[in-house]
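The structure under discussion appears below in the form of C-alpha cells.
Computed from the coordinates by the stated procedures, all read-outs in this text should not be read as laboratory data. As the structure is a computational prediction, the values presented were derived from the model and not from experiment. Glycine also receives a Cβ, built like all others from the backbone with ideal geometry; neighbour counts cover every protein chain displayed.
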Amino acid sequence: MNQSIALGLTMSLMIVLARAENVEHWPAWRGANGDGVAPAHARPPIKWDEKTNIKWKVELPGKGSATPVVWDDQVFVLTATPTKREAKPEELPARDTRFETKTEAPKRFYQFEVLSFDRTTGKVKWRQIANEAVPHEGHHPTHSYAAGSPATDGKRLYVSFGSFGTYAYDLTGKLLWKRDLGRLHTRLGWGEAVTPVVYGDSVILNLDQETDSRLVALDAATGNIRWEVKRDEKTSWNTPIVVKHGDSVQIIVNGTNRVRSYDLATGKPIWEVSGMTTNAIPSPLTHGGFAYVTSGYRGAAALAIPLDSKGDLGDGTGKVAWKYSKGTPYVPSPLLLNGRLYMTKGNTQLLTVLDAKSGKPILEDERLPKATSFYASPAAANGHVYLVDRNGTTVVLKDGDKPLVVSVNSLNDPIDASPVFSGKTLFLRGEKYLYAIAGSN
C-alpha cells in the first residue's frame, strides 16, 4: 500500500471516528429509546467532583428541572424566570375554585425560555423566550415552571410548557409553530411537567390533570392536532413511551386508575390494566415484548405486561407476566439494563434490583452510600448505572447480579434532572449550573 493511500485511509478513519462522536445524540429525556440507556460506545467518566473532570459549567438563569437534550453540537435546556414586572389586577389569571390548592400563584410575569448551548464550550448559541405570562397556579417547593423536558428528531426541537404553550423550533432557534392546548389544573396546585414524545411524524403529549385529562397527538411538522382521547385519570406527571410491536405502534401511559396502551395511528385503546398507586409518576419501559410499569406513592406496585395483550386485563390476575409490591419508585422512573430492573424505593436511597424476566428480587433495599433522596431517574452507560440524588451526589454502580459501587461523586448543586450521555461526556443539569463532565476514568 503506498503512502498516499495509507494517509487517505487514515484521514477517512479519523473523519468516521469524529462523526461517530458527533452522532452521540441524546434526543429525549431518557435517550433515544426512552429507557435511560446510552449507546454501546458511550464512554462517559465514572469519577468527578467540583475540581476534577469538569469540562465546563455555565450558570443557568431562572429555575427548572427539565432534563437537557443533545443533538450534534447543541445542548438544549428549558427554564422559567420570574421578571420584575408585577401583574396588574386585571392581568392576574382567574383562579378556578373547583380545585383545592396548597400553593399560591405568583403575581408577577414569568419568562418561559429555551436555551441552546455549544456542546464543546458551553457558550450560548441562541435563546428564545417562548412565552411571558403570569402562572395561574403555584408549584410544589421542589418543583418548577420548567419541569417538562424538550425533545428533538434532528429537524425540530419540541418544547412544552404545558399551560403556557407547546412549541417547535428549528435547530437555529427559529419558531416554526406553537399550539395552545389550554390551561392545566394540577393536583393541589403542585405544578406541571409535560414532556413531548416524538415518534416518526407525531408528537405525543400526556395532559393528565384534575379535570379533562387527555392524550394528544400532534403533527410534528405543523402542530395540528391529529387526534386526542379522553383519559379517566387525575394528575400523573408521567411521560408516555412509544414502542413498535408487531404490526402496530403502541403508546403506553402510566396512570393511577389504569395503565393503558393506545394505537399511535388512531389513539384507540389496545389494552389496559389496573394496579398502580396514586400519583403514578414513573414512566413505563419496554423490552422483549413486555411493558414494565411501576409506581410508589403510599404503596408499591410493579407490573410486567405482555405487549400482545388486548382489552381490559382487570387487575392483571393471570394476565400479566409478574407483579411485585415492594421497593418501587415514587418520582424517578426505573432503569432496565441487561435483564435487570433497577429502582429506588419511593424517593429514598434504598435500591432494589429485579430480574426482569421473572420479577424475582436480585437485591432488596440496599442502601446507597452518601445518597439521600432521588427525583432524577437512573441512567446507564458503558456497563455502569448512574444514580443522581437531590443533593448533587451521583452514585455509580457496576452493573451485575451483585452491583458494585465504583464511585461516589459530589457537586455543590442540587440536581433533579436526569443524567445525559453524549460520547465521552456526561451532562448534568443542576439547580444553578449546567455541567459538561468529561475526562479519564
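Here's the yes/no breakdown for (1) crowded, with 22+ Cβ neighbours inside 10 Å; (2) part of a strand (DSSP E or B); (3) in contact (Cβ under 8 Å) with a residue 40 or more places away in the chain; (4) within 21 Å of the chain's Cα centre (by Cα):
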| site | (1), (2), (3), (4) |
| --- | --- |
| Val353 | yes, yes, yes, yes |
| Glu366 | no, yes, no, no |
| Ala376 | yes, no, yes, yes |
| Ser407 | no, yes, yes, no |
| Asp416 | yes, no, yes, yes |
| Leu428 | yes, yes, yes, yes |
| Glu431 | no, no, yes, yes |
### Query
Quick check: is even one residue across segment 104-118 in contact with a strand residue (DSSP E or B) (Cβ under 7 Å, 6 or more places away or on another chain), without any contact (Cβ under 8 Å) to a residue 60 or more places away in the chain and among the β-branched types (Val, Ile, Thr)?
yes
### Query
Among the residues of segment 338-351 satisfying the criterion of being crowded, with 24+ Cβ neighbours inside 10 Å and of a type in the set (A, V, I, L, M), which is nearest to the chain's Cα centre (by Cα)?
Met343
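Of everything in segment 133-175 that's among the β-branched types (Val, Ile, Thr) and more than 19 Å from the chain's Cα centre (by Cα), which residue is surrounded by the fewest Cβ atoms within 10 Å (Cβ to Cβ)?
Filtering segment 133-175 down to residues among the β-branched types (Val, Ile, Thr) leaves 134, 142, 152, 159, 166, 172.
Subsequent filtering for residues that are more than 19 Å from the chain's Cα centre (by Cα) retains 134, 172.
Numbers: Val134: 19, Thr172: 10.
Result: Thr172.
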### Message
Quick check on segment 219-231. Is at least one of its residues within 18 Å of Asn33 (Cβ to Cβ), buried (at least 16 other Cβ atoms within 10 Å of the Cβ) and out of contact with any helix residue (DSSP H, G or I) (no Cβ under 9 Å at 6 or more places or on another chain)?
### Response
no
### Query
touching a His at 6+ places or on another chain (Cβ under 7 Å), of a type outside the set (S, T, N, Q) and either more than 16 Å from Asn238 (Cα to Cα) or not in a helix (DSSP H, G or I) (or both): does that describe Tyr145?
yes
